[in-house]
Amino acid sequence: MKKDIDWTSLGFGYIKTDYRYVSNFVNGNWDEGKITETENITLNESACVLQYAQTGFEGLKAYETANGRIVCFRPDLNAQRMVESAKRLEMPPFPEDRFIDAVKTVVKKNIEYVPPYGSGATLYIRPFMFGSNPVMGVKPANEYQFRIFTSPVGPYFKGGAKPITLRIPDFDRAAPRGTGHVKAGLNYAMSLHAIVDAHKQGYNENMYLDSGTRTKIEETGGANIIFVSKDNKVITPKSNSILPSITRRSLMYVAENYLGLKTEQREIYKEELEDMKECALCGTAAVLSPVGKVVDHDKEIKFPSGMEKPGEITQKLYDTLTGIQMGKIEAPEGWIVEIA
Ligand code: PLP
Ligand code: COI
């Protein structure tokens, strides 16, 4: 039985579900892990996560498909990326096979919260890990907690398919040899002031530049970016300080192998914005959110696709990707993992 929730009016927010998964790392080992009902965590005041932000996270979704199965999308890639984040933050990696098992277990336990097929909502899954014991000097913790909770969510940007406006901020998101390529909590702390400021000025999000030269497009605070050029190529920025989005990697594959389009991953200079026909943000939360306009200080770049609806190729990419996720279109081998 599904929970009594108005699925179609959900935004992207936290709703407490009944169960979460917890495993603790003590004495050099991850314990066997368990499901718990308690959503609150009690920590020492000097826990490494509280003082020095030693934490990383992941995000993926569970979907109900057209024929009533519950599935998730490429969890192996989230498990791998979480290992990379853990290594960069000097945390003990959580084993990939255990990550996938834990995701399946938590979703099964919260199955009544998986939004129904066709509602436009999904069950967001949030794995995360943090240094839990007290430290004073700047050094990694030696005890950690790995957790996964879930929350039913609707669209990340209000208005769903309505194109949004980005601005090029004077703030940076990631340093050239920093942590931009992993999912460290600190990257998001760094972006909070910039997003609050962007919203105050009437923009939906920030389009960050590379902080080394401030000439090239990187990504937004919570999503990668794809462009469609006037000759219908799907182009995405190449940089070692952006997060390797699973959605973006999947979309590039879809563009080439399902839609027969040419794709490119390369450095994209800010001046090239004017040569692009379409632009969209991609990520687990954002799915594929069309961008209608970018404001770079006193200059406005309006994409030919306009502010009313997604561009034609953006729409095709969206339909194909979500079709694969919802079981309407055959998926490449291994992309869809059945949970129930
Ligand atoms: N970039 C950033 C900074 C993100 O936080 C996210 C979200 O996970 C993404 C990109 C998109 O990544 P994915 O498609 O793997 O969700
Ligand atoms: C995601 O897409 O899963 C994200 O993590 C983006 C944002 C909510 C931080």
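The values are calculated or read from the model by the stated rules, or taken from the named source; none is laboratory data. Source: prediction; values computed, not measured. Glycine gets a Cβ as well: all are built from the backbone with ideal geometry, and neighbour counts include every protein chain shown. Side chains included, ligands, DNA and RNA excluded: accessible areas come from the protein's heavy atoms. Shrake-Rupley method; radii C 1.70, N 1.55, O 1.52, S 1.80 Å.
Here are the numbers for this structure:
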quantity: Of residues in segment 1-37 being in contact with a Gly (Cβ under 9 Å, 6 or more places away or on another chain) and within 23 Å of ALA340 (Cβ to Cβ), the one surrounded by the most Cβ atoms within 10 Å (Cβ to Cβ); calculated: TYR21
quantity: Extreme residue, farthest from ARG69 (Cα to Cα), among residues of segment 287-340 that are part of a loop (DSSP other than H, G, I, E, B) and aromatic (Phe, Trp, Tyr); calculated: PHE303
quantity: Single residue of segment 40-61 satisfying the filter (under 25 Å from GLY283 (Cα atoms) and among the aliphatic types (A, V, I, L, M)) that is least open to solvent (accessible area, probe 1.4 Å); calculated: LEU60
quantity: Sole residue being touching a His at 6+ places or on another chain (Cβ under 8 Å), not charged (D, E, K, R) and not assigned by TED's automatic domain parsing to the domain that holds ARG69, chosen from ILE195, ILE168, ILE217; calculated: ILE168
quantity: Of residues in segment 62-81 being open to solvent by 10 Å² or more (accessible area, probe 1.4 Å) and within 15 Å of ligand 1 (Cβ to nearest atom), the one nearest to VAL107 (Cα to Cα); calculated: TYR63
quantity: Pairs where the first residue, in segment 137-152, is in contact (Cβ under 8 Å) with a residue 40 or more places away in the chain and the second is open to solvent by 60 Å² or more (accessible area, probe 1.4 Å) and part of a loop (DSSP other than H, G, I, E, B), C-beta under 6 Å, 6+ apart; calculated: PRO140/GLU90; SER151/TYR14
